[in-house]
Amino acid sequence: MNKKTLLALGIVAALGMAYATNLMAKGDTTGSAPSHKITVTQTNAKVKSFDDLAALEGSADLIVLAEWDGEPKEKEFTQNGVVIDKAGITPLKITKVYKGDSNLTHISVYENGYYKDDTLFTVAGYTPIAKDAKVLLFLDTTPEGIYRVKGVYQGKFTINLIQKGDNLSLAPLTKEEVEALDYIGEDTAHFNKLKDAAINKYITSPSR
């Protein structure tokens, strides 16, 4: 068995463990089969890295706990009539405001990942907010009044996922397997460090 075969088996095993762990955490006992594999198309980007939670907090206009509140829409960005970028816009229901306008109840957020047919388009490993997700978000505003995740992927943490991030962006994945991970890019250790700090401060042992 060559090294490529061993690597492929290792990736499949990691995905299997992540998917099974998430199903157990959600109490899924339906026994339904996972959907077919999807294509993951990743775009790299120059990302401002936040060294720690304090830096992420300081840069955010809005810090909230939120839930999925409707189907996302695809947004095209054009220049001189040519499409230069795309993003998903997802409506969210706010359940708690930690920083920013405390009167906000609903917002729309640009997501750096979205599904189209059988393809996940992601920037730097960002995974879209799932329907059953509860997310801790660090956001800034845009001129259109739509919010965006700080640091591309560094400002979105799904609090009801045991799994955090894993570098599986090039592996064949089902949609369920993507939704079982909070992040699938290369910056796994840094993302997981930020998530641990954010969950500990705002969710596990909140002081506010």
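The values are calculated or read from the model by the stated rules, or taken from the named source; none is laboratory data. Computed from a predicted model, the values in this text were never measured in an experiment. So basically every Cβ, Gly included, is an ideal-geometry build from the backbone, and we count neighbours across all protein chains shown.
I want to confirm something. Restricting to region 148-162 and keeping residues that are surrounded by 18 or more Cβ atoms within 10 Å (Cβ to Cβ) and assigned to a loop (DSSP other than H, G, I, E, B), which single residue is modelled with the lowest pLDDT?
Ranking the candidates gives Leu161 first.
Can you give me the ranges of the strands (runs of 3 or more DSSP E) entirely in region 41-147 with at least 3 residues that are at pLDDT 90 or above and surrounded by 11 or more Cβ atoms within 10 Å (Cβ to Cβ)?
62-68, 82-99, 106-111, 134-141
Residues in region 178-196 that are part of a helix (DSSP H, G or I) and in contact with a strand residue (DSSP E or B) (Cβ under 8 Å, 6 or more places away or on another chain): how many?
6
Give region 197-208 a look and list any residue that's part of a helix (DSSP H, G or I) and touching a residue at least 12 places away in the same chain (Cβ under 8 Å), or say none.
Ala197, Ala198, Ile199, Lys201, Tyr202, Ile203, listed by residue number.
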